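Participant: Handing you a structure now.
All of the numbers you see were taken from the coordinates with simple rules; none came from a lab. All values derive from a computational prediction rather than experimental measurement. Neighbour counts run over all protein chains shown; Cβ positions are idealised from the backbone, glycine included.
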Amino acid sequence: MSPFVDTSFLCALYRVQDNSPVAYKLAEGLREPIAVSSLVLFEFRQSVRLQAFRFSKDRTQGYSQREAARVLETLQANLEGGALIIAPADWSEVQSLAEQLSAQHTAAMGNRSLDTLHVATALHLGVKQFLTMDAQQAVLAKATGLKVKP
C-alpha cells in the first residue's frame, strides 16, 4: 500500500515552509502515489481557506486568496493526475480504532483528536509508512508500530 500522509505533510508539499525540502525529497523518492484520506483532504483544504481568511483580516497573517487558490488547484491537479490517491476508509472502524488509541495513549501523550483519527486511518488501511511533519503525531504513530518519516 502507498505511504499515508497527514495534513502537516501536505502543507509542507504544497506551500513553502522550513520543512518543505524534506517533504519534497521524500515525495520524489516514492514509487507509489501518496495515499490520503478524505479527512486529511478536508483538514488541508480547510486550513488553506482559513489562511486566506486570516490574510483578508490582517495582511501579516496567513496568505492571499490567490495563493490559496493556487494551492487548492495544484492539489486537485495532483488528485486528478494520480500523484495522490484517496484511500477508502470505513469511518466507523476508523472511529473505533481512534477510540482505542485515545484510551491507550492520550492521557500519557496528549494527542489531539484529528491526529488520533489520522493515525487510526493509517492503521485501518494497513499502511506501513506514515509521513508527517508533526512531531507529536509522529510519537503516536510510532507507538502503534507504524514506520514514520521523516
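Participant: Across the stretch 97-118, which residue is nearest to residue 35 (Cα to Cα) among those that are of a type in the set (S, T, N, Q) and surrounded by 13 or more Cβ atoms within 10 Å (Cβ to Cβ)?
Facilitator: Out of the qualifying residues, it is 116.
Participant: Here is a further query. Given the condition within 16 Å of residue 122 (Cβ to Cβ) and surrounded by 13 or more Cβ atoms within 10 Å (Cβ to Cβ), answer yes or no: does some residue in the stretch 47-58 qualify?
Facilitator: no
Participant: I'd like the full set of residues that are among the basic types (Lys, Arg) and either touching a residue at least 24 places away in the same chain (Cβ under 8 Å) or outside any helix (DSSP H, G or I) (or both), limited to the stretch 24-62.
Facilitator: Matches in the stretch 24-62: 31, 45, 59.
Participant: Output the residue which, of all residues in the stretch 69-78 that are under 17 Å from the mean Cα position of the chain (by Cα) and surrounded by 15 or more Cβ atoms within 10 Å (Cβ to Cβ), is farthest from residue 49 (Cα to Cα).
Facilitator: Among residues in the stretch 69-78 that are under 17 Å from the mean Cα position of the chain (by Cα) and surrounded by 15 or more Cβ atoms within 10 Å (Cβ to Cβ), the one farthest from residue 49 (Cα to Cα) is 78.
Participant: So, one more: Quick one: which strands (runs of 3 or more DSSP E) sit completely within the stretch 63-150 and have at least 1 residues that are in contact with a Lys or Arg (Cβ under 6 Å, 6 or more places away or on another chain) and either over 20 Å from residue 15 (Cα atoms) or small (Gly, Ala, Ser) (or both)? Walk me through how you get there before you give the answer.
Facilitator: Numbers: elements: 84-86, 129-131, 147-149.
Of the strands (runs of 3 or more DSSP E) lying wholly inside the stretch 63-150, those with at least 1 residues that are in contact with a Lys or Arg (Cβ under 6 Å, 6 or more places away or on another chain) and either over 20 Å from residue 15 (Cα atoms) or small (Gly, Ala, Ser) (or both) span 129-131, 147-149.
Participant: Scan the stretch 121-138 and tell me whether some residue there is in contact with a helix residue (DSSP H, G or I) (Cβ under 8 Å, 6 or more places away or on another chain), of a type in the set (A, V, I, L, M, F, W, C), more than 18 Å from residue 23 (Cα to Cα) and surrounded by 17 or more Cβ atoms within 10 Å (Cβ to Cβ). Before you say what the answer is, go through the steps one by one.
Facilitator: Initial filter on the stretch 121-138 (in contact with a helix residue (DSSP H, G or I) (Cβ under 8 Å, 6 or more places away or on another chain)): 121-124, 130-134, 136-137.
Going one step further and asking which of them are of a type in the set (A, V, I, L, M, F, W, C), we end up with 122-123, 130-131, 133.
Applying the additional criterion that residues be more than 18 Å from residue 23 (Cα to Cα) yields 122-123.
The next check asks that each one be surrounded by 17 or more Cβ atoms within 10 Å (Cβ to Cβ); those that pass are 122-123.
Checked the stretch 121-138: at least one residue is in contact with a helix residue (DSSP H, G or I) (Cβ under 8 Å, 6 or more places away or on another chain), of a type in the set (A, V, I, L, M, F, W, C), more than 18 Å from residue 23 (Cα to Cα) and surrounded by 17 or more Cβ atoms within 10 Å (Cβ to Cβ).
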